[in-house]
Amino acid sequence: MWIIGDGGSPERAQDNTRASLELAIAEWADGVLVHLRQTRDHLLVLSRLEKLRTLQGDHSLETLDADTLKELKPVHPGTGKPYPLLFLPELLGWIGTDPIRAFIEPSGTLLDDRETLDRLGQTLLATPTRIPAFLVLPAGLTAPAGLPESRIWRTIRQEADLPPLKNRPGTQAIVPLALALSGQCGGLARILVTTTGPVPELDRLRQIPGFWGVVTPTPYFTRKAATSLPPGATP
């Protein structure tokens, strides 16, 4: 079972930073899911939120140019502690040297920018990594040219997003816990389940055909729960 740190380990460090991602791996995560946005001039930066809080005030990340963004000092919205942004080339450099399973989820204006999205797909294909990186896309969005389906996971937020049964073989999907448990996800090749913490329903999830693991902001506690099973159970 894969345990994927959503933004790394955001309870211990600002999510989508190098520190958070490294913590997730140290906490026995099998990989990380990062959130990718672009600046006005198409620099790709890791951030879950479009609104960036900095020592210079709040800024809309996607309206900044790359030079301005690099001059800003972002801070944690809760603690006010500064942290360094992580840019796509740095992420790819990291997973190029360590066996990290990475899921890269574009969001915001990047999803509507076909040229940059296609370039991102080509970058993933051209970048040598120890383990191939995956691209996470909404259901129905055309994949970047040349990127095989085996490198793509689809985000399914509700039952209406599920593809028709005839199109499900070969589809890898990330689905909410409630939807996974509803019995509506049959026929999908692989399923990752999004959670907000350790999953008491792991025994039920393991019975779902195609269940592959969970995406969670608490990789350490999720791994601990997964390995604290009754005698005879398989983690």
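Computed from the coordinates by the stated procedures, all read-outs in this text should not be read as laboratory data. The shown structure was predicted, so the numbers you read here are calculated from the model rather than taken from an experiment. Please note: Cβ atoms are built from the backbone with ideal geometry, for glycine as well, and neighbour counts cover all protein chains shown.
The figures follow:
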| read-out | value |
| --- | --- |
| Under Karplus coefficients 6.51, -1.76 and 1.60, residue-wise ³J(HN,Hα) of region 43-56 in Hz, glycine/proline x | 6, 9, 10, 7, 6, 6, 9, 7, 8, 9, 8, 9, 5, 9 |
| Gaussian network model of the chain, springs between alpha carbon atoms under 10 Å - residue of Gln122, Gln56, Gln172 with greatest fluctuation | Gln56 |
| Other-chain or far-sequence residues with amide H under 5 Å of Asp6's (modelled H) | Leu33, Thr216, Thr218 |
| Surrounding net charge for Ile4, when Lys and Arg each add one and Asp and Glu each subtract one, Cβ distance under 14 Å | -2 |
| In Hz, Karplus ³J(HN,Hα) per residue of region 93-103 (6.51, -1.76, 1.60; θ = phi - 60°; x = Gly, Pro) | x, 5, 6, x, 10, 10, x, 9, 8, 10, 10 |
| Percentage relative contact order, the chain, counting C-alpha pairs under 8 Å, at least six apart | 19 percent |
| Computed [θ] at 222 nm, deg cm²/dmol, the chain (DSSP H ≥ 4; -39,500 (n - 2.57); rounded to nearest 500) | -6500 deg cm²/dmol |
| Loop-located trypsin sites (Lys or Arg not before Pro) in region 76-165, at most 14 other Cβ atoms within 10 Å (DSSP) | Arg130, Arg157 |
| Total formal charge among the other residues, if their Cβ is under 9 angstrom from that of Val136, Lys/Arg +1 and Asp/Glu -1 | 0 |
| Length gained when the stretch Leu125-Asp112 is fully extended (0.36 nm per residue, less Cα-Cα span) | 2.6 nm |
| Highest average packing first - 35-41, 177-183, Cβ atoms within 10 Å | 35-41, 177-183 |
| Full-stretch length increase - Thr227, Leu55 - with 0.36 nm per residue and alpha-carbon distance subtracted | 57.7 nm |
| Inter-centroid distance (Cα atoms) of region 49-88 relative to region 131-158, Å | 27 Å |
| Helix 114-126 vs. the chain, principal-axis angle (Cα, 0 to 90°, nearest 10) | 70 degrees |
| At 0.692 mPa s and 37 °C, Stokes diffusion of region 1-107 via Kirkwood alpha-carbon radius, µm² per second | 235 µm²/s |
| Formal net charge of residues neighbouring Ala226 (Cβ-Cβ distance under 15 Å; K, R +1; D, E -1) | 0 |
